[in-house]
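Structure, as structure tokens:
The values are calculated or read from the model by the stated rules, or taken from the named source; none is laboratory data. A quick note: this is a predicted structure, and the numbers were derived from the prediction, not measured. Counting neighbours? That spans all protein chains shown, and the Cβs are built from the backbone with ideal geometry, glycine included. Heads up: the accessible areas ignore ligands, DNA and RNA and are worked out on the full protein's heavy atoms, side chains in. Shrake-Rupley method; radii C 1.70, N 1.55, O 1.52, S 1.80 Å.
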Amino acid sequence: MGITLTPGTWEETESWIGKLISTMVGPDEVDKATIRRKLEVLNFDCPLHTDEAVAREHGYRTIVAPATMMATWALPAYWSPGQPPVGSRTLMPLFPLSQVPAPGNAIIGSEVQSEYFEPVYVGDRISCENRLVSIAHRCTRLGMGAFLTIESTYTKQTGELVCVERFVSFRYSVDEHEEEVRESA
Amino acid sequence: MPSPSGLMFEDVEEGAEIPTLSVPLTLQRLVMEAGVNRDFAPMHFDRDQAQQDGQPDVFANTMLLQTLFEMALRQWAGFSGRLRKLSFRMNRPNYVGETVTAYGRVTGKRVEEGRGIVELEIWQSTEQHDRTLAGTAAVELPMAAAGGAP
């Protein structure tokens with residue numbers, strides 16, 4: 001399949017409820033260049049994210065990142081010096097949703113709930129702690145699987161809270177889904 | 001560009017709709033988004049992988065859709081507004097080739113610990129499908145009574 005999801009049984013998944021799945025420390029500081037490239041994608045024209053004077057005028061310490069870039073800042077590197085070459089492997093972003101041991105070989109986002117606190121500024125370094133909150137088994141159009149809810153608590157280098165985000169994803173098996181589609185045809 | 005002068009809490013009326021914001025989801029845009037948000041999950045730019053996962057084509061990732069909402073809310077609130085909450089359910093992927101439009105409507109307002117908070121219903125739709133995403137947002141707006149600063 002090419003996507004690396006941590007395998008496991010549903011019992012193993014249940015055993016992780018309430019536990020810390022991972023701690024992520026952003027490999028890079030929040031920077032102007034990444035913010036500028038983010039604005040470029042959707043043509044997000046707002047000088048709070050590019051102009052220090054405008055940001056200060058509106059109560060920010062300096063240029064502020066869009067609030068919705070939170071996960072980007074904390075995402076671990078795909079490769080770091082000292083690690084072996086990746087070769088031809090397809091790497092999955094190390095979001096916690098892919099690290100929860102569970103059955104299934106595919107995953108899709110279902111719901112996200114974010115609350116924002118302190119602004120994220122150029123120069124900040126963002127970290128987060130990720131916990132599995134709940135699991136709910138369901139049958140959807142993709143087949144049998146489970147909705148996994150992970151809560152990520154983001155802080156900056158000062159310890160200030162910047163965001164709490166709950167992400168719900170559906171873990172399922174593509175092979176089972178295709179079999180169900182064939183049987184229903 | 002959002003208004004520099006911004007919207008004041010006292011000026012918001014329940015039921016008011018925010019200006020809509022549309023973005024075509026070209027493959028190039030999805031690739032650019034992956035390049036900057038660093039979510040290189042293949043289903044967002046590799047058609048073969050997306051189809052192996054049971055999807056008809058590649059689709060926008062969550063962060064792109066979150067930012068579309070943030071842009072629409074910023075466009076409405078102006079420079080002085082601050083996004084406090086953003087929640088939505090993804091009812092259907094937004095696939096490459098579709099144009100997605102963000103919408104919002106004020107559902108209420110309250111003063112919380114001296115801060116003016118506006119609640120909104122938000123959603124995104126494509127030409128083919130209504131409410132591919134649906135949820136709520138909370139935006140803090142400056143209050144004239146408090147001197148206008150957030």
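The fraction of Cα-Cα pairs per 10 angstrom bin, counted from 0 for the range A:25-110, comes to 13, 33, 30, 17, 6, 0 percent, rounded to whole percents.
Using a 10 Å cut-off on Cβ to Cβ distances, tally the other chain neighbours for every residue of B:81-93 and report the average as a whole number.
Working: counts 1, 8, 6, 5, 5, 8, 7, 4, 6, 8, 2, 1, 2.
Across B:81-93, the average partner-chain Cβ count within 10 Å equals 5.
The mean number of partner chain beta-carbon atoms within 10 angstrom of a residue's beta-carbon across peptide A:35-48 is 6. If you find the alpha carbon centre of the range A:152-170 and of the range A:37-112, how far apart are they in angstrom? That distance is 12 Å. For the pair A and B, the buried accessible area comes to roughly 4200 Å² in total, with a 1.4 Å probe and the value rounded to the nearest 100. In the range A:74-95, comparing the full protein assembly with the chain on its own, the residues that lose 40 Å² or more of accessible surface at a 1.4 Å probe are A:Tyr78. When peptides A:61-71, B:59-69, A:127-137 are sorted by average Cβ neighbour count within 10 Å, with the highest value leading, the order is B:59-69, A:61-71, A:127-137. Which cross-chain or sequence-distant (5 or more) residues have an amide H under 5 Å from the amide H of B:Leu21, H modelled 1.01 Å from N in plane? Residues meeting the amide H criterion: B:Ala102. Helix A:32-42 and the longest principal axis of the C-alpha atoms of chain A enclose an angle of approximately 60°. Value of Rg to Rh for the range B:75-150, rounded to two decimals, is 1.09; Kirkwood radius and Rg both from alpha-carbon coordinates. Between the amide H of A:Arg138 and those of A:Gly145, A:Ala146, A:Phe147, distances stay under 5 Å, these residues lying 5 or more places away or on another chain, with hydrogens modeled in the peptide plane. Rolling a 1.4 Å probe across the protein heavy atoms gives the range A:114-153 an accessible surface of 39 Å² per residue.
Relative to the longest principal axis of the Cα atoms of chain B, helix B:27-37 runs at roughly 60 degrees.
Restricting to DSSP H runs of at least four residues, report the calculated mean residue ellipticity at 222 nm for the protein assembly as shown, -39500 (n - 2.57) per run over all residues, nearest 500 deg cm²/dmol.
Value at 222 nm, helices only, nearest 500: -6000 deg cm²/dmol.
Taking Cα atoms only, the orientation of helix A:174-184 departs from the longest principal axis of chain A by about 50 degrees.
The shape of the range A:65-119 comes out oblate: with a ≥ b ≥ c from the C-alpha gyration tensor, a/c is at least 1.5 while a/b does not beat b/c. Look at the stretch B:66-78: the mean tally of other chain Cβ atoms within 10 Å of its residues' Cβ atoms is 4.
Along the range B:50-65 the Karplus relation, 6.51 cos²θ - 1.76 cosθ + 1.60 evaluated at θ = phi - 60°, assigns HN-Hα couplings of 4, 6, 5, 7, x, 9, x, 6, 6, 9, 5, 8, 4, 5, 4, 5 Hz to successive residues, with x for each Gly and Pro.
Accessible surface of B:Val31, taken over heavy atoms with a 1.4 Å probe and every protein chain present, rounds to 70 Å².
When the alpha carbon gyration tensor of chain B is reduced to an equivalent ellipsoid, its three semi-axes come out at 33, 14, 12 angstrom, largest first.
First compute the accessible area of the range A:1-136 with a 1.4 Å probe, then give the percent of it belonging to carbon and sulfur atoms.
Details: 3190 of 6160 Å².
Whole-percent figure for carbon plus sulfur exposure: 52.
Looking at the range A:1-96, the accessible area is 52 square angstrom per residue; that uses a 1.4 Å probe and ignores ligands, DNA and RNA. Heavy-atom accessible area with a 1.4 Å probe sorts A:Ser173, B:Ser22, largest first, into B:Ser22, A:Ser173. Amide H contacts of A:Ala102: A:Gly8, each under 5 Å away and 5 or more positions distant or on a separate chain (H built 1.01 Å from N in the peptide plane; Pro and chain starts excluded). In terms of accessible area, using a 1.4 Å probe and ignoring ligands and nucleic acids, B:Asp57, B:Asp11 rank largest first as B:Asp11, B:Asp57.
Each 20 Å bin from zero up to the one holding the largest Cα-Cα distance in the protein assembly as shown carries the following percent of pairs: 30, 59, 11, 0. Eigen-decomposition of the gyration tensor built on the alpha-carbon atoms of chain A gives equivalent ellipsoid semi-axes of 35, 18, 17 angstrom, largest listed first. Atom-type composition of the exposed protein surface of the range B:61-143 places 44 percent of the accessible area on carbon and sulfur (1.4 angstrom probe).
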